[in-house]
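FYI, it's all coordinate maths here, none of it is from the lab. None of the values given here were measured: they were computed from a predicted structure. Cβ coordinates were reconstructed from backbone atoms using ideal geometry, including for glycine residues, and neighbour counts include every protein chain displayed.
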Amino acid sequence: MTTKDQILTKLKANKPEFSKFGISDIGLFGSYLRDQQTPNSDIDLLIDFEPGKENFD
């Protein structure tokens, strides 16, 4: 099962790629952040965009 540290490592490693899409920050929340995930848990992310960007279009 994926861990919080694995998710955060992948997010940090891909930050330059995310910025190409106007993403300024990504935050993890929910069961993975609290280390309470189960095999059926999804990964909850909050995505902040740069001013003037609203989506991937």
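Nothing charged except the Cβ atoms of Lys and Arg (+1) and of Asp and Glu (-1): what's the magnitude of the dipole of the chain about its Cα centre? Round to the nearest 20 debye. Write down the numbers at each step before the final one.
Numbers: 7 positive and 10 negative charges, 48 e Å.
Value, rounded to 20: 220 debye.
Trypsin sites (Lys or Arg not before Pro) within the chain: which are DSSP loop residues with at most 12 other Cβ atoms inside 10 Å? Taking the chain and a limit of 12 other Cβ atoms within 10 Å, the loop trypsin sites (Lys or Arg not before Pro) found are K20, R34.
Dipole orientation for the range 4-49: of the candidates Q37, F18, F49, F18 has the Cα lying most toward the positive pole (charges on Cβ; Lys, Arg +1; Asp, Glu -1).
Diffusion coefficient (Stokes-Einstein, Kirkwood radius over C-alpha pairs, 20 °C, 1.002 mPa s) for the chain: 174 µm²/s, rounded to a whole number. Amide hydrogen proximity for I23: with H placed 1.01 Å from N in the peptide plane, the residues at 5 or more positions away or on another chain lying under 5 Å are E50.
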